[in-house]
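So the structure is just underneath, and the comments pick up after that.
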Amino acid sequence: MANAMIGRTPPQTRKSRAVYHFTPETPQDYWEVEALYDTCFAPGREALSSYRLRDGIPSVLGLSHVARDEAGILGGAIRYWPVRIGAAQALLLGPVAVHPTRQGEGLGRALIEESLRHAAPLGWDRVMLVGDAPYYGRFGFRRLDEVVMPPPTNPERVLGRDLLPGAWNGIRGKVERWSD
Ligand SMILES: CC(C)(COP(=O)(O)OP(=O)(O)OC[C@H]1O[C@@H](n2cnc3c(N)ncnc32)[C@H](O)[C@@H]1OP(=O)(O)O)[C@@H](O)C(=O)NCCC(=O)NCCS
């Protein structure tokens with residue numbers, strides 16, 4: 001997805017006509033992405049149980065992306081981690097965030113859809129996340145009734161999407177750290 005470009009849609013909701021360049025996150029992007037997440041999420045975001053699945057484990061090479069405008073200003077970012085549910089492997093999507101001044105312009109959608117386009121070719125069958133069903137339902141995410149995130153997590157926010165047809169069928173149990 002390096003240097004992919006998107007326009008803002010639909011026109012009537014555009015705040016500007018910026019074009020974004022999507023590139024895989026590099027070590028040079030790391031602290032800028034952290035600062036963006038600090039801006040976009042409530043203080044203490046790292047206390048969330050999903051972070052226990054990420055601690056000390058590198059995000060997935062080639063899938064975590066940044067979106068910069070033509071001036072190089074960071075507009076949004078998305079990261080992915082590997083997790084396990086029993087013997088099954090899954091992607092954990094998130095955090096995804098768009099700078100408050102760039103929200104509502106389609107950048108969140110573009111980050112999710114463009115990055116996920118690369119997931120199956122990289123060998124991933126399924127993706128999950130903890131998030132708002134009304135938002136992620138737009139991208140085909142549905143509640144995973146039998147998949148359990150570390151507590152405290154509201155089960156209604158545990159969502160998944162197949163990257164290969166039927167990939168979540170029969171997957172049940174606790175979500176665990178990749179290295180466990
Ligand atoms: C969630 C987020 C990434 C969406 O990015 P974005 O660029 O604003 O999203 P898009 O422009 O693609 O989509 C905007 C639409 O999603 C809706 N939306 C945004 N967040 C939503 C939510 N939490 N629940 C339901 N709908 C939501 C908007 O109302 C808007 O609806 P519309 O198309 O009907 O006008 C961004 O708002 C953000 O960074 N929020 C703070 C961090 C966060 O909550 N991250 C997600 C963790 S679950």
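Could you tell me how many of the residues in segment 84-111 are more than 8 Å from the ligand (Cβ to nearest atom) and surrounded by 14 or more Cβ atoms within 10 Å (Cβ to Cβ)?
Within segment 84-111, residues that are more than 8 Å from the ligand (Cβ to nearest atom) and surrounded by 14 or more Cβ atoms within 10 Å (Cβ to Cβ) number 8.
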I'd like the full set of residues that are within 11 Å of Tyr80 (Cβ to Cβ) and more than 13 Å from the ligand (Cβ to nearest atom), limited to segment 112-134. Leu116, His118, Ala119, Leu122, Trp124, Val127
Conditions first: (1) free of Cβ contacts under 8 Å to residues at least 12 places away in the same chain; (2) surrounded by 14 or more Cβ atoms within 10 Å (Cβ to Cβ). Asp29 passes all but one, so which condition is the exception? (1)
Out of all the residues in segment 135-151, is one or more at pLDDT 95 or above, under 22 Å from Gly75 (Cα atoms), near the ligand (Cβ under 8 Å from one of its atoms) and within 12 Å of the chain's Cα centre (by Cα)? yes
Looking at this structure, is Ala167 at pLDDT 95 or above and crowded, with 16+ Cβ neighbours inside 10 Å? yes
Would you check which residues across segment 70-88 are of a type in the set (Gly, Ala, Ser), more than 15 Å from Leu107 (Cβ to Cβ) and touching a strand residue (DSSP E or B) at 6+ places or on another chain (Cβ under 6 Å) and list them? Gly86
So, in segment 1-26, exactly how many residues are surrounded by 13 or more Cβ atoms within 10 Å (Cβ to Cβ) and modelled with pLDDT under 90? 7
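Which strands (runs of 3 or more DSSP E) does segment 85-180 wholly contain that include 3 or more residues that are without any contact (Cβ under 8 Å) to a residue 60 or more places away in the chain?
Values: elements: 88-98, 126-130, 158-162, 173-177.
Qualifying strands (runs of 3 or more DSSP E): 88-98, 126-130, 158-162.
Given the criterion in contact with a Phe, Trp or Tyr (Cβ under 7 Å, 6 or more places away or on another chain) and surrounded by fewer than 22 Cβ atoms within 10 Å (Cβ to Cβ), identify the matching residue among Glu146, Glu114, Glu156.
On the way: Glu146 fails: in contact with a Phe, Trp or Tyr (Cβ under 7 Å, 6 or more places away or on another chain); Glu156 fails: in contact with a Phe, Trp or Tyr (Cβ under 7 Å, 6 or more places away or on another chain).
None of the other options fit; the residue is Glu114.
The values are calculated or read from the model by the stated rules, or taken from the named source; none is laboratory data. Worth saying up front: this structure is predicted, and the values here are computed from it rather than measured. Cβ atoms come from the backbone with ideal geometry, glycine included; neighbour counts cover every protein chain shown.
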